[in-house]
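Below: the structure, in structure tokens.
The values are calculated or read from the model by the stated rules, or taken from the named source; none is laboratory data. Keep in mind the model is a prediction, meaning the values are calculated, not measured. All Cβ positions, even for glycine, are placed from backbone atoms using ideal geometry, and neighbour counts span all protein chains on display. The accessibility values were calculated without ligands, DNA or RNA, using every heavy atom of the protein model including side chains. Shrake-Rupley method; radii C 1.70, N 1.55, O 1.52, S 1.80 Å.
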Amino acid sequence: HAAYRLLPGPQKRLADMDMVERQVAQLARALMYLDAKQSAAVPADHKVRLFWEDREWIRRVELAGLKWPEWVEHRPLELKRGNIMLNPELRAAA
């Protein structure tokens, strides 16, 4: 962590992107594990919605040789000014 703080701005952004990519891949792995184990954590209606500001992350996971379970639904995240959610289903929950 100390080494990260010493990185110049552009290198920090690259390190952050790498960290996010690993976390998204880990999410896909965890969901596939739940699917394979037929876990009770999988919703009864078999629908989990993931909202993405940048849908490229979905493709990156697939390019890495991972896949999303069939019960995962990918939707666009609609933002205004970068932080105000416009998706009606998310606004109601927030």
Out of all the residues in the stretch 60-72, is one or more hydrophobic (A, V, I, L, M, F, W, C) and part of a strand (DSSP E or B)?
yes
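A quick yes/no check of all residues on (1) under 18 Å from PRO76 (Cα atoms); (2) in a helix (DSSP H, G or I); (3) open to solvent by less than 70 Å² (accessible area, probe 1.4 Å); (4) in contact with a strand residue (DSSP E or B) (Cβ under 9 Å, 6 or more places away or on another chain):
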position: ALA25; (1), (2), (3), (4): no, yes, yes, no
position: TYR33; (1), (2), (3), (4): no, yes, no, no
position: ASP45; (1), (2), (3), (4): no, no, no, no
position: PHE51; (1), (2), (3), (4): yes, no, yes, yes
Which one of LEU77, LEU66 is surrounded by 14 or more Cβ atoms within 10 Å (Cβ to Cβ) and at pLDDT below 90?
LEU66
Can you tell which of ALA41, ALA30, ALA92, ALA36 is within 30 Å of ALA3 (Cα to Cα) and small (Gly, Ala, Ser)?
ALA30
Out of LEU86, LEU90, sole residue that is out of contact with any Cys (no Cβ under 9 Å at 6 or more places or on another chain) and under 25 Å from GLU21 (Cβ atoms):
LEU90
Taking first residues from the stretch 71-92 that are within 22 Å of MET32 (Cβ to Cβ) and second residues anywhere that are β-branched (Val, Ile, Thr) and surrounded by 13 or more Cβ atoms within 10 Å (Cβ to Cβ), the pairs with Cβ under 7 Å that are 6 or more apart or on different chains are TRP71/VAL42; TRP71/VAL48; VAL72/VAL48; GLU73/VAL48; HIS74/ILE58
